[in-house]
Structures are given as structure tokens and as C-alpha cells.
1. Relative contact order for segment A:261-327: what percent, with Cα pairs under 8 Å and sequence separation of 6 or more?
2. Within segment A:525-564, report the trypsin sites (Lys or Arg not before Pro) that DSSP leaves as loop and that have at most 16 other Cβ atoms within 10 Å.
3. Rounded to a whole number, what is D in µm²/s for chain A from Stokes-Einstein with the Kirkwood radius over alpha-carbon pairs (20 °C, 1.002 mPa s)?
4. Using only the C-alpha atoms of segment A:718-759, find the volume of their convex hull and express it per residue in Å³.
5. Can you say what percent of the DSSP beta bridges in the protein assembly as shown, counting only those with both residues inside, are antiparallel? Round to 5.
6. Considering amide H positions built from the backbone, and no H for Pro or chain starts, which residues 5 or more places from A:Thr544, or on another chain, come under 5 Å of its amide H?
7. Go through A:427-438, A:361-372, B:87-98, B:137-148 and give me the packing order, highest mean Cβ count within 10 Å leading.
8. Relative contact order (percent) for segment B:36-95, with alpha-carbon contacts under 8 angstrom and 6 or more residues of separation?
Amino acid sequence: MTNHWIDFKNADVILIMGANPAENHPVAFRWILKAKESGAKVICVDPRFTRSAAKSDLYAPLRSGTDIAFLGGMINHILQNKLYFEQYVAEYTNASYLVSGDFKLPGELDGLFSGYDPQKRSYDVKSWSFQKEADDSIRRDPTLQDPNCVFQLLKKHYSRYTPELVSKTTGTPKEKLLEVYQLYASTGRPDRAGTSLYAMGWTQHTVGTQNIRTMSIIQLLLGNIGVAGGGVNALRGESNVQGSTDQGLLFHILPGYMPVPSADLPTTAAYIEKHTPKSKDPQSANWWGNRNKYLVSYLKAIYGNNATKENDFGYNWLPKLDPGMNGSWLMIFDNMLKGKFKGFYAWGQNPACSGANSNKVRSALAKLDWMVAVNLFDNETASFWKGPGMDPAKVKTEVFFLPAAASFEKEGSITNSGRWAQWRYAAVKPLGQSKPDAEIMNDLYQAIRALYAKEGGALPDQLLKLTWNYGFKRADGSIRSIDIHQVAKEINGYFLQDVPEPAKPLKPGEAPPKPREPWEAKKLLGKKGELVGGFAQLQADGSTSCGSWIFCQSYNEKGNMMARRGKKDPTGLGMFPEWSWCWPVNRRIIYNRASCDPSGKPFNVKKAVVYWNPLAVLPDGKMGAWVGDVPDGPWPPLAAGAEGRKPFIMRADGVAAIFGPGLKDGPFPEHYEPMESPLAQNLMSRQLNNPAVKIFKDPAVKEDILANADPRFPLVATTYRVTEHWQTGVMTRNTPWLLELQPRQFCEISQELAKEKGIANGDLVEVASARGKVEAVAMVTVRMKPMKIGDKVVHQIGLPWCFGWHTPGVGDAANLLTPTAGDANTMIPETKAFMAGIARKG
Amino acid sequence: MEVSRRNFLKISGVGVAATTLGLNLDPVEAKAQELAIQHAKETTTICPYCSVGCGMIVHTQGDNVINVEGDPDHPINEGALCPKGSSVYQLRDNKARITKPMYRAAGAAAWQEVTWEWALDQIARKTKATRDASFVPTSKIKVKEKVAGVEVEKEIEAEVNRTMGIASVGSAALDNEECYLYQKFLRGLGLVYIEHQARI
């Protein structure tokens, strides 16, 4: 999230789309209701009339998988009716940039952007670049009139998204579309804020990244980023999925969103050169310019004294990807099915139910020699060998089940969706012989380390050179049990030697400071052994360590910031700066400098996140400071001239990207149909699907089939969650109170479809896709309605994905139905829109 | 002193008791039932389910969790919990929890209980054997190079030091420190196939 849960109360309009917080984040919904009490309007757009819809002022249905069409229509409405926040758009976004004259829009190329190569299924992005001035700076038109400027291209692109065409594609009645557009666009005024709440309803599509991009463009047009009650807010589904992403448990990133090294970058210098954006604009902070400090400090954290300048800080011990190699989820199970893995760790996860196309996942598990499953409860993954259709005698996979402790049986921090890292204490000892996950990791590390130390093997140094100083040591030097505070401190980072304060650049005419007298103490940024105070203090020469730069400050010399329980709320906006700690540097609303005009005056003075006080006197005698939330950097606002900085400090050019040439499937979002759709032809262009997605169609893999516009599977299907269960249900299906409340798989269908199929409420039905079948109880409801798509009537159905065969009598996983198809940029599986059929059983 | 809501309740509770005593000096026969949590230890925690991050108080007596409820001082949930949060107590008082390591041999039809020592030794040996057998020190890749001002593509043998035969998934259910430790451990084994819930 750019903002945080309590901040919802500050919004004037709340758009819930691709999420259902009343059901899935029920306690946070109170902040939405608080906003309503203060007069805010709530909009809910969803294929189904959800619990969130029931609490909304305005509900609009849409066909699952058509969000870009819906939101593209909103962009068109905002531009045609001049409802955008002009100053914000002109000064804080790349709307004024001129794009290459070779660039062509999908309206001109039958649904494709310029540069497409159908053989490679990818774009040559040369024509997506910006025009340059003689001094290499980007050519701009501040009046936003040039036909090649981003603003005019945006206008041209979305002029195709007329309410009529959008309505035909999405199935949303035209008048509902306009009602939503008008209400949400009302937040384009400086004194109004609109917030966007989304979840997996937006991400789990082959156009997932572009769904969110579309909303980001809307938020930028309306000036809703950086302000209280605004932002683009992912309502994440798991207590620490924010933290597990921050800490780099993914194939493509190290902790702190640092790219995983690739083979074409053999040295830290090459890595830094490639991954450090450059800017000649003196008003751009270009924060990723600090990449070198974060990389070297990470290497010093994991390799300690073994990382030296001479060995390039151990950089080559880090495993590397080939350039372009994809190790993401769908690829793991595709490779596993093809016998490429012998071993597999399923640590706190149940892919046999959570993985799209679960039959493929389950078949893949049977190809393994061995698997380690770590969990609180037995589940469909650990016991896959005795699941439906499996003959245990034929499954050769050895499985080890290691029992883990529950969250309240150990100590540590988790990061919520608003980036708040909160500390948890151990209330009791782990149950039975179960152990905290960190202890299991320690045990495994020590056991494997001992084998390598004794027997040698493939590059033992990769493991042996890791630091592992986390607590009480046995006589042989191994760690008996992990002191989790030591890990938290390693993540925060240390000064590894005395680091002097850097010399401040002198202003013209300023006298240099007096040299230090021999009896005066050196002025230090930090002393050897001290915890680093914040990431601005990290160094690139190996004098600091930091496991995850965005977590630098979380546990410093002032103590464990994540354990704080202060209740002050000085702004009254609910930021609670002394409650726990949030990354980065306790900034509660990111991009907050964009909430002020270039002079530092808040656009909305009644809800000022930050403001510039030119009269504040700093300790060094300088004047001027930001007041309120921790600002995005201490520099004065833009109008201050050379010392001022643009607000979007993580962008090389300091402004937000309405035109986004960094994505694989286009610099503007374009509507494409899901890989399985009721339509044989896209109603908006001749390009049916996202042209840049990877197609899985190995004839040897029987599970990899798609059924587009197939009369056997005429229903648009989607999956979702229920309040009483969580994820695949491993914890909640084993919680008797919850299982009693929500006891088995069901499928929601409209009254019209029920009539057509002769299904009554409570009947047992079989839901089938081209890949699998699921038994469910029919729930005939008015919450689902048939829709008119083009000239045909389309029915939608939906079912929760929290069930699995391991719990007797509840039914099996909804993901047996979903396809192996991934987003063009992230490869997140498309599990929110696929085609199915339904029939009454028996 | 800052008075938190919980402290306030405690203080006012004492106040009410004192007032009652002041007004009524008759011997009191009927005693209110003691609260089950009166002598319990309180530990604060954060809910393990969705990402709202609701504060909770876990009441324990010895090794038993006797109650879990919302933390009224927590600024997000202000004491409220949803059905999942309210049932966290049952994650402890639960017969389905696995409390001993288990092993399933190739072709076996059932789990068997094993010791930690044996399981860890077996996993360590298998991890090492698979790593050693599938470790790739170098890989042939294509790079672009400028030769006399002209960009040419050439194939090189680049150092990659990765383990191709093992993959890992998980987990957003771990604490931050555990996630960090796990990625460090996995990268120390040379794994590149590292994924978890965030991708799906």
C-alpha cells in the first residue's frame, strides 16, 4: 500500500474493485465505515454483489477480467470532461514528455503497440522511448498540447474506450458506468481524495500488472497519490506477505527489491552499472542512485568478514540467473512435472491447493525424489501421495514433515499491508516437539554445514562463508538456538568500522570548516559495532552491513522500533508515528511530497500529510523543514530551485509515470480478453489475448489446455475467499469453530442459470473446466446476475478456494479448475477469470 | 502518565470497587465469579491471518493458552477481531496439530513418526547430494560487446554457481526475520527457484 488501513477514514470516495474487504479484511472495513460516517461515498465494482457491495453507496457489476476496459473508460471520461488535476498532472507526472514519433497505439495497429514480434511474442521497445534534447534531457511540452506528448497520446488511446464499447465488453450497464466515473472523478479537486482498494481480483489475471497501472494512471490524473485518503492500496491477503516480499523470498529479487544478479553481470561494478538509474536532472533525487550502498551492505550482512574488497564482497557466491531466465511459480511446477527437480521444500505453503491448475501441481509433486513439508497441520501437499487419483504404491517421493510452531509460540515481526512492521512475543512454548521456523532453519543449516565442512562438495564456500552469529554457541561453534533479535539487528545493519561524517559540499563563497584539532574527537556518522540509524547512512565501501535496506532503522540504537506502542497521533490523520515502525524510515504515506504544491503548501490544508515550514530552524542553523509525516527526503520543495526535489524520488526522473515504457505488454494498459473467455473475438480490437504472455502448450502436458469460447464451458468463473477461512484453509479447516461456520465447498449461481440448468438451491453440482472437476453445493442467489456481453447473454459463477480433500467431507480445491497462464510481467496465474460448465449431480 | 484504554479500565475498575465498598458495608454473600483470565499472563501478538495486522492479547496459564482476544490499545482494530482472529485460541487447543516429525517412505501408504535428529540428518544428506549432483558452476550465455565501436553478440561461459535440482516455495506465514534467514539459507545452497505466496 502507498497508504495504510486507518487512512481509509480520510477518503472522500473509496473505490473497492478487485477486492472484498468486508469479507476478507473485515476489521479494516471499520475505517471504510468511519469514512462513510464523515460523508464519504463508497463504490464497489465486482462480478458479484459482495458483502462490500452491500455496504457501498454505489455498486456496478462487471464481467471478470474486463477491468482495463472499465477503468480505461474512466480515463476517457476524466480527459474528455477535463476533470483531471491539471497542476499535479503537468508538474508531478511524465504527461508533458514527448514520445518518439515512431510510437504507434493499439488503435492504429489492431490491438498491438508498435514493435511487436509475433515469433518471440515480445516487443522491441525502441519506439516506446522519449524524445531527447541536445543535452540528453527529455523533450517536454509543458502546455500538454503536442500530439506526441504523453498526455495527448493517453487521450487518443482511451478515446476508443467509449461508454458504449466499454459496456458491451464489461457487461456493466452504461448508466452505471457513468455514475461510477462521475463520482470517482469528483476527487480530481485538490481538496478531495479518492482511494483505490484492490486485491487478487486485480492481480490474478494475464493483464494483472496493467489492471493496477490503469488505476495508477487514474490516481495520477486526479492527484490522488501521496495524499491522505488517497493512494493505490493493495489489500494483501496474508499477515506477512508484505514482509516476505520485502525480504526477497522470490526468484527475481533480493531483500529490499534488489534484482537477483544475472550471469551477464560478473562483478558488483557491472551489477551496479546496470541497475543504477542515472539522472542529470539536478532536481531529481533518483534514490536508486544509492543501489551500490544497498548491494554491498547486503553482501556484508550475509557474508560478514568473509566479504572483502579483494573478493568483490563475495558477490560470486550469490547464485545467478541466466539473463531472461524465469524461475517463477508456474515455471517451477512446469519444470517439476518434466522431472527437472529432485528435491523440493514446501515451507508453510500448500501448493497442491493454492497452485493454479492443481492437478498439474499434484502430478508434478509425484515426480520428485524427496520433499520437505513444514507446517502446523498435515495438508494436501504433504500428503499428496494419498490424494484423489494417486496410488501410494506408485509414488516414489519420500516426504519429510517437520512440525512448526504457531505465531504466538515464537517471537519476531510481521509487516502488515500498510507496511507497519509489528513485533510479536512468544506467549507459550511451541506445542509438543514443534519448533519455530527459525529453529528448523538453524537445525538444517547446521546439519548441512557440518556435512560440507567434513566432506566437501560443490562450492562449499557458498554455504560455509555465510555469517550465522545468532545466539548461544555450542563447544563446536554451532548455534544452539536462534536469538531472533540478532537476526532483526542483522537486517537493520551495523557500522562495521568507525564511519566519519561526510564533508558537506560548500556553497560558493562559503568558508571551509576549520580542520579538526588533534584533541578534538572525530565527528562520526556511526561508531564501529553500532546499529545503523537509517539507510541514508549506509556505505558502499564495506564499512556498513544491512540485510534489507528498506528495513534499516527498524532496530537501531534507540531499540526495537517495531515493538513500539506509542499512541500519539499529532496530525489527527491516524498515522500513529510511534506505533510499531513502518518502512521506509517510518514514512506512513509514501510519495507524500506530492500532497503539496511546488512551494510546499498542502493541496488540501485540512488533511495535510506534510507541509513545508520555511521558518523552522534546524540544529545546524539552516532554515526550513517539513512538518508532519516523515517526508520523502529532507530537501526543500520544488520551488526552492536547485536545492528542491521532485516528489517521486524512486523514479530516475522524479515524476510519476503515466507512460510506462518499462512493462512487457505496453506503455499504456490495453484491454485483452482472459486466456479463457466467452468471446471468440475481442470487442475492442483484433488482438484477443495479451500478446506478451507465455503460452504453455507442451502436448506432453495434458493439464495444459485452454478452452476459449467453447460451448462445453460457457460460464465465466472466478474464485474468492470467505471470512471464516484463510488461503487454502490448512489452518482454518483445522479450527473446529471455523469449519462449523463454513463447512464445505459451494458454488454461487444466478437464479436464471439455476432455472436454465434445473438446479435448486442446495443441490449437489459438479463444476468442470477443461482441466478438472470440483463437487460443490449450489448456492442459488441474486448476488449473481447474467450479463449482456456484445450480443450474447453470459452467466458468471464463483466458488471459494479454501477447501481441499484432506479435510473429510468439505470438497476439493477450486484451483483444480484454473489454468496455467500467467501475467506478462509478473507471471501471477490467471485464477480470477476462466471458463467452466456446471451440472446437477445425481 | 499516559493512560491507555486498558489501564483506564483497570483503574476505573478499582474505582468502582472502592465506591461500592463505601456505599454498602453489609457483608457480601454472593461473589461474582472470577474471570478465567484474572491470574493469566498477558502477551501481545499480531493476528496470523490477513494483512490488516490486528493486535491481540494471548492469555496463558503455564503452557496453556486459555484465551485470545483483541488488543483494545491497538490503533487499527481497537479491540475488535473477526471470526478467524477470534478463533486463534483453537490453533493451540487442537488435536490435529502435528507435534512430531513424520516421514513417508517411497511407495509407503502411511506416515510414520520419526525423531528430529533422524529427519534432519536425512534431509541434510539429501539436500547435499541433490545440490552436489545438480550444481552448475557456469552457464553459456550470450552477451553484447562493443568491438571497434560496433555492437556484436558473443557466447561466453559465465559464472553462475546455482543449484538446479532443488526448488523452494514459502512462506508469507513466516516472520520477517525468518523470511530473511530462509532466503539467506536458500541462496547459501545456491537455489534460484525460490518462490512463495506473493507470486500467486
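1. Worked out over segment A:261-327, it gives 43 percent.
2. Passing both the DSSP loop test and the Cβ count: A:Lys527, A:Lys528, A:Lys558.
3. The Stokes-Einstein estimate is 75 µm²/s.
4. 87 Å³
5. If I count the DSSP bridges inside the protein assembly as shown, around 60 percent turn out antiparallel.
6. A:Leu496, A:Gln539
7. A:361-372, A:427-438, B:87-98, B:137-148
8. Averaging sequence separation for qualifying contacts and normalising by length gives 27 percent for segment B:36-95.
Here, each number is a calculation from the coordinates, and none is a lab measurement. As the structure is a prediction and not an experimental result, all values here were calculated from the model. Neighbour counts are summed over all protein chains in view; Cβ atoms, including those assigned to glycine, are modelled from backbone coordinates with ideal geometry.
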